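Novice: If you scroll down you'll find the structure; I have some questions about it.
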């Protein structure tokens, strides 16, 4: 009997343990399946966050434990931090997907304080027993949202007409509103042709023609104002009918910070008496997404033949996946030989030659002799070649099929680009699509298994955001547009062979890098961006959540990534670019490199290469010495690069796809400028104008 009692107690303890595990597992699984769905993706400070709960996993309700009554509570955290900003927020039973209430009904969860930090917040949900108010299981992240601080909004811009003739006055009505809970004063409202304030026009002419619609404007808390101008602009002098657009910019009192920017509806400007050709599009970035600017640009022939005839033999087909090689390396060229005729080939020979950049023969190999191929028959072959040490250029592998008499039956050629290649590469880009300056470098790294990683400083939330939505962008729309551009970058790089885990985004504000560099140095005093109305990176999936928009934390992030990947070569934008995001891209990285060098964390032999996208601007130029670096690219790698550009549909990728360049029109070189003395001249750019 004593043994029996002991067995019963053991069995009872086992049953209790199993039951606890089963209930805990079911509770945790169902809790994790819940998704908190905010009614907005972003909220201005002072706004009410409302949510509903969704349970996408089928069958969850049946597996919810019901042995004890439970309630759901929510906690709100600032992304990247464990300390809650609001906790134990009770959620009513009506929010549960199993309730009889309308599942689309939203519930008031939390009012964002007026002094809340901007950036991304996360919603954790936990279950607890309401009787002892004791938590059951750990909180589970179920959703997130962004918080922004927007003080002025350009609500509407109306023009007096759509069609203008050169010299016409452009009349405008601009409506703006104070979104803050306090009065605003000293506002300056300017009207100009479409432009972004952070991109200088040229090194010769930095400014655009602007008309001041209001100076020292005051708005009461929540107040609105309508500004009228009979002469906001004068229609430009154009040679043929042109699509145009204007911008309205709201500045602060010092004309230092842009508080809002919006664009007018598109207009058409034409010379006197000239109506055609009627345009479909204007300069890049305008909100017209047609493939061609006008009917005369439509090409009905080039798309029919991508390769020139001499590279398009039906008898010899190359394998194209590896056409970028290191100097002194060995290349194995794979190809197939097919008899495309209706008569058999008897005793044919296959010979392959390696031709240098100047066309001279460097090697010749007999691949096959006395080969018989019936009509339609195919045979796969390969041939090795070794490139000269220290060589660089575009080589060619030429394959010929000949009869025994020596008559040539077929010839085809494959381009092979050769360059000195580093052991590891880290590329810093100002925006998604700026990796386009490095397509050849990227393919060389991918094809030769060289570690290569990418860091995007901004998510490009400004560039063509208004075209995407067909109206000027609010912060939530800018945030979604930046996330779209991040997806485009992943797609473009994926097409080139780069996996998403090697791509990093910092989420800086598009166009705001000059403020981050010059004006907002400390993390405690970050820059409030124009488009996102946030002073910390509000995106999901960043290298670091809620990165402050300030110089020091951005440099620290660059240092962290350089230390992690230990690149032999680093690529950045040029320090003299007229686009502020491009030049500060370089400045952040160089400062990080200089600090790492002082710490002994990187070697002084680290190579810094820069690209030029916009050309030099009017600001003070860097004191560096440069050396031109030419990187050779095979036609196949360049073709992949052309296709990668199509992934940027928001950035005229559709126009690029519609204006396909044939194989022999694609560039075969990429030019970069090596900064020889990046270790020197510290602090040259830390004071001055943007």
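The values are calculated or read from the model by the stated rules, or taken from the named source; none is laboratory data. Remember, it's a predicted structure, so these values are computed and weren't measured experimentally. Reconstructed Cβ throughout: ideal geometry from the backbone, glycine too, with neighbour counts over all protein chains shown.
Novice: For residues that are modelled with pLDDT under 95 and not in a strand (DSSP E or B), scanning just segment 120-149, find the one that is surrounded by the fewest Cβ atoms within 10 Å (Cβ to Cβ).
Specialist: In this case the residue turns out to be 132.
One line per residue, one yes/no per condition, for (1) surrounded by 13 or more Cβ atoms within 10 Å (Cβ to Cβ); (2) out of contact with any helix residue (DSSP H, G or I) (no Cβ under 9 Å at 6 or more places or on another chain); (3) assigned by TED's automatic domain parsing to the domain that holds residue 662:
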| site | (1), (2), (3) |
| --- | --- |
| 328 | yes, yes, no |
| 331 | yes, yes, no |
| 343 | no, yes, no |
| 350 | yes, yes, no |
| 355 | yes, yes, no |
| 384 | no, yes, no |
| 394 | yes, no, no |
| 398 | yes, yes, no |
| 412 | yes, no, no |
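Novice: Can you say whether residue 514 is part of a helix (DSSP H, G or I) and assigned by TED's automatic domain parsing to the domain that holds residue 615, as far as the supplied structure shows?
Specialist: Numbers: part of a helix (DSSP H, G or I): yes; assigned by TED's automatic domain parsing to the domain that holds residue 615: yes.
It is true that residue 514 is part of a helix (DSSP H, G or I) and assigned by TED's automatic domain parsing to the domain that holds residue 615.
Novice: Look at residue 528 and say whether it is touching a residue at least 40 places away in the same chain (Cβ under 8 Å), more than 17 Å from residue 588 (Cα to Cα), out of contact with any strand residue (DSSP E or B) (no Cβ under 7 Å at 6 or more places or on another chain) and part of a loop (DSSP other than H, G, I, E, B). Outline the logic, then answer.
Specialist: Numbers: touching a residue at least 40 places away in the same chain (Cβ under 8 Å): yes; more than 17 Å from residue 588 (Cα to Cα): yes; out of contact with any strand residue (DSSP E or B) (no Cβ under 7 Å at 6 or more places or on another chain): yes; part of a loop (DSSP other than H, G, I, E, B): yes.
The answer is yes for residue 528.
Novice: Also, I was wondering about something else. From the set of residues in segment 335-349 that are part of a strand (DSSP E or B) and more than 14 Å from residue 413 (Cβ to Cβ), which is nearest to the chain's Cα centre (by Cα)? Explain how you work it out, then say what you get.
Specialist: Quick first cut of segment 335-349, residues part of a strand (DSSP E or B) only: 335-338, 345-349.
Checking the rest, the ones that are also more than 14 Å from residue 413 (Cβ to Cβ) come to 336-338, 345-349.
Numbers: 336: 39, 337: 42, 338: 43, 345: 53, 346: 55, 347: 55, 348: 52, 349: 50 Å.
Within segment 335-349, the match that is nearest to the chain's Cα centre (by Cα) is 336.
Condition check ((1) surrounded by fewer than 24 Cβ atoms within 10 Å (Cβ to Cβ); (2) assigned to a loop (DSSP other than H, G, I, E, B); (3) modelled with pLDDT of 95 or more) across all residues:
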position	(1), (2), (3)
560	yes, no, yes
564	yes, no, yes
575	no, yes, yes
588	no, no, yes
597	yes, no, yes
603	yes, yes, yes
610	no, no, yes
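Novice: Would you check if there is a residue in segment 360-382 being surrounded by 15 or more Cβ atoms within 10 Å (Cβ to Cβ) and under 42 Å from the mean Cα position of the chain (by Cα)?
Specialist: Within segment 360-382 (the criterion being surrounded by 15 or more Cβ atoms within 10 Å (Cβ to Cβ) and under 42 Å from the mean Cα position of the chain (by Cα)), the answer is yes, since at least one residue qualifies.
Novice: Test residue 546 against the criterion of being closer than 30 Å to residue 43 by Cα, in a helix (DSSP H, G or I), within 18 Å of the chain's Cα centre (by Cα) and not assigned by TED's automatic domain parsing to the domain that holds residue 81, and give yes or no.
Specialist: Working: closer than 30 Å to residue 43 by Cα: yes; in a helix (DSSP H, G or I): no; within 18 Å of the chain's Cα centre (by Cα): yes; not assigned by TED's automatic domain parsing to the domain that holds residue 81: yes.
Spelling it out, it is not the case that residue 546 is closer than 30 Å to residue 43 by Cα, in a helix (DSSP H, G or I), within 18 Å of the chain's Cα centre (by Cα) and not assigned by TED's automatic domain parsing to the domain that holds residue 81.
Novice: Right, here's the next one. Cβ-Cβ distance below 6 Å, separation of 6 or more or different chains: which pairs start in segment 164-187 with a residue that is free of Cβ contacts under 8 Å to residues at least 40 places away in the same chain and end on one that is surrounded by 17 or more Cβ atoms within 10 Å (Cβ to Cβ) and assigned to a strand (DSSP E or B)?
Specialist: Cβ pairs passing all conditions: 184/178; 184/219.
Novice: Looking only at segment 94-114, decide whether some residue is in contact with a helix residue (DSSP H, G or I) (Cβ under 9 Å, 6 or more places away or on another chain) and modelled with pLDDT of 95 or more.
Specialist: The answer is no; no qualifying residue exists.
Novice: Right, next: Testing residue 614 on (1) within 14 Å of residue 673 (Cα to Cα); (2) in contact with a strand residue (DSSP E or B) (Cβ under 6 Å, 6 or more places away or on another chain), one condition comes back false. Which one is that?
Specialist: That leaves (1) as the condition not met.
Novice: Would you say residue 686 is assigned to a loop (DSSP other than H, G, I, E, B) and touching a helix residue (DSSP H, G or I) at 6+ places or on another chain (Cβ under 6 Å)?
Specialist: Numbers: assigned to a loop (DSSP other than H, G, I, E, B): yes; touching a helix residue (DSSP H, G or I) at 6+ places or on another chain (Cβ under 6 Å): no.
So residue 686 does not fit the description; no.
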